[in-house]
Amino acid sequence: MIYELFNPPTRISRKFSRQSWAKALELANLNGWQPMGTQPPASYDFHLLNADWDGTYLTNEGQTVTAVDALSLADALQKSLDDIPDFNSIEMDWNPKFWMEDELPEWLSPDEREMIEDGLEDEMLDIIGIHPFEFFAGGEKYLLIQFIRFCRLGSFIIA
């Protein structure tokens with residue numbers, strides 16, 4: 001699963017894998033971020049679905065992170081930068097083809113294949129229990145810095 005974060009006024013976007021997005025939120029929480037909860041997508045029909053919006057950050061339904069929340073997220077992530085190593089001491093290859101025992105069936109659609117591979121990557125990440133400092137070490141740290149800058153632009157949509 002891919003998360004595309006989009007800032008409508010600037011038309012700037014950032015893409016995150018499921019793992020990177022979850023680890024960024026975890027890192028922010030470790031550094032004092034108090035999530036305010038997302039605003040529901042404009043197309044979310046509460047009456048039709050007979051449901052309430054739960055403020056989740058972990059779906060890509062078009063929900064909005066408010067400007068105040070985005071700035072708070074950026075501040076928390078900024079605090080972590082000194083603790084994240086510039087070089088990665090752990091070499092992990094997240095490409096599923098290198099650690100899957102069996103090949104996936106040929107009859108799977110590309111979307112189904114991607115869903116399964118993403119799920120396997122998530123399971124690997126959870127099993128390893130890698131700390132966000134290690135996850136964002138090395139080249140990932142630069143991506144985190146770019147995300148902090150993005151959050152400072154204000155409100156964004158998770159799609």
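Select the helices (runs of 4 or more DSSP H) contained entirely in the range 1-84, then report the ones holding at least 1 residues which are closer than 18 Å to Leu153 by Cα and open to solvent by less than 10 Å² (accessible area, probe 1.4 Å). Before the answer, list the steps.
Numbers: elements: 18-30, 46-49, 67-80.
Counting at least 1 such residues, we get 18-30, 67-80.
For every residue, the table says whether it meets (1) aromatic (Phe, Trp, Tyr); (2) modelled with pLDDT under 75; (3) over 26 Å from Phe135 (Cβ atoms); (4) more than 19 Å from the chain's Cα centre (by Cα).
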site: Ile12; (1), (2), (3), (4): no, no, no, no
site: Phe16; (1), (2), (3), (4): yes, no, no, no
site: Ser43; (1), (2), (3), (4): no, no, yes, yes
site: Tyr57; (1), (2), (3), (4): yes, no, no, no
site: Glu61; (1), (2), (3), (4): no, no, no, no
site: Ala70; (1), (2), (3), (4): no, no, no, no
site: Met100; (1), (2), (3), (4): no, yes, no, yes
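The values are calculated or read from the model by the stated rules, or taken from the named source; none is laboratory data. Keep in mind that what you see is a predicted model, and the values were worked out from it rather than measured. Ideal geometry is used to build each Cβ from the backbone, glycine not excepted, and the neighbour counts take in all protein chains shown. Just so you know, the surface numbers come from the protein's heavy atoms only, side chains and all, with ligands and any DNA or RNA stripped out. Shrake-Rupley method; radii C 1.70, N 1.55, O 1.52, S 1.80 Å.
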